[in-house]
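**Q** Okay, here's the structure, questions in a sec.
Rule-based calculations on the coordinates, nothing more; no lab input. Small disclaimer: the values here were computed from a predicted structure and weren't measured. Here the Cβ positions follow ideal geometry from the backbone for every residue, glycine too, while neighbour counts run over all protein chains shown.
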């Protein structure tokens, strides 16, 4: 028990020395000052302007780190599509598998930066109305062919069973 107490005390002493006196510094002076002042902010993870509110990110997330919340006021994107929800990202639940990013239709179908990214979504402007009028970009033809073959197989099974 005594050894554990000494170990904990040494760890606390080492951390105080690292934070206050920059002993064995691993961060820059600017970051150290931000940490001490409580000014560290989490990066932007959702680009609201690029999001179509489809919920693909929330549906694919294996740890439920993304919830879809209703917008205060729905946003009309095209004549026939109104965005009613937007994703809310919880970084404490995220395991950073990037499935939300990879399955965002903006990225997967149009090859544009995804509307969601667990590390940092970045800054970019996009006109969704114009983008949604463009044809879908086939990123990986082999993967799409495999999906089409699977769907064909399931359709044939349903037709023979029904």
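**Q** Can you give me the angle between helix 2-21 and the longest principal axis of the chain, using Cα atoms only, in degrees from 0 to 90, rounded to the nearest 10?
**A** Once rounded, the angle reads 80 degrees.
**Q** With a 10 Å cut-off between alpha carbons and a GNM built on the chain, which of 133, 39, 99 moves the most?
**A** 39
**Q** Using the alpha carbon gyration tensor of the range 25-97, what are the three equivalent-ellipsoid semi-axes (square root of 5 times each eigenvalue), largest first, in whole Å?
**A** Gyration-tensor ellipsoid for the range 25-97: 33, 16, 10 Å.
**Q** Expressed as an acute angle from 0 to 90° and rounded to the nearest 10, what is the orientation of the C-alpha long axis of helix 141-161 relative to the principal long axis of the chain?
**A** Here the helix axis deviates by roughly 60 degrees.
**Q** Starting at 0 and stepping by 5 Å, how many percent of the alpha carbon pairs of the range 56-153 end up in each bin?
**A** It works out to 2, 12, 17, 21, 21, 16, 9, 2, 0, in whole percents.
**Q** So how do 43-51, 78-86, 151-159 stack up, highest first, on mean other-Cβ count within 10 Å? Numbers along the way, then the final one.
**A** Numbers: 43-51: 17.6, 78-86: 13.2, 151-159: 9.7.
With the highest mean Cβ count within 10 Å placed first, the list reads 43-51, 78-86, 151-159.
**Q** Relative contact order of the chain: what whole-number percent is it, with Cα pairs under 8 angstrom and at least 6 residues apart?
**A** Numbers: 178 pairs, mean separation 33.0, N = 162.
About 20 percent, as a whole number.
**Q** Moving to a separate point now. Calculate how large, on average over all directions, the projected area of the Cα convex hull of the range 1-56 is; give the answer in nm² to one decimal.
**A** Convex hull of Cα atoms, orientation-averaged projection: 7.7 nm².
**Q** Over the alpha-carbon set of the range 1-124, work out the extent along each principal axis and list the three values in angstrom, largest first.
**A** Largest to smallest, the principal-axis extents are 68, 34, 29 Å.
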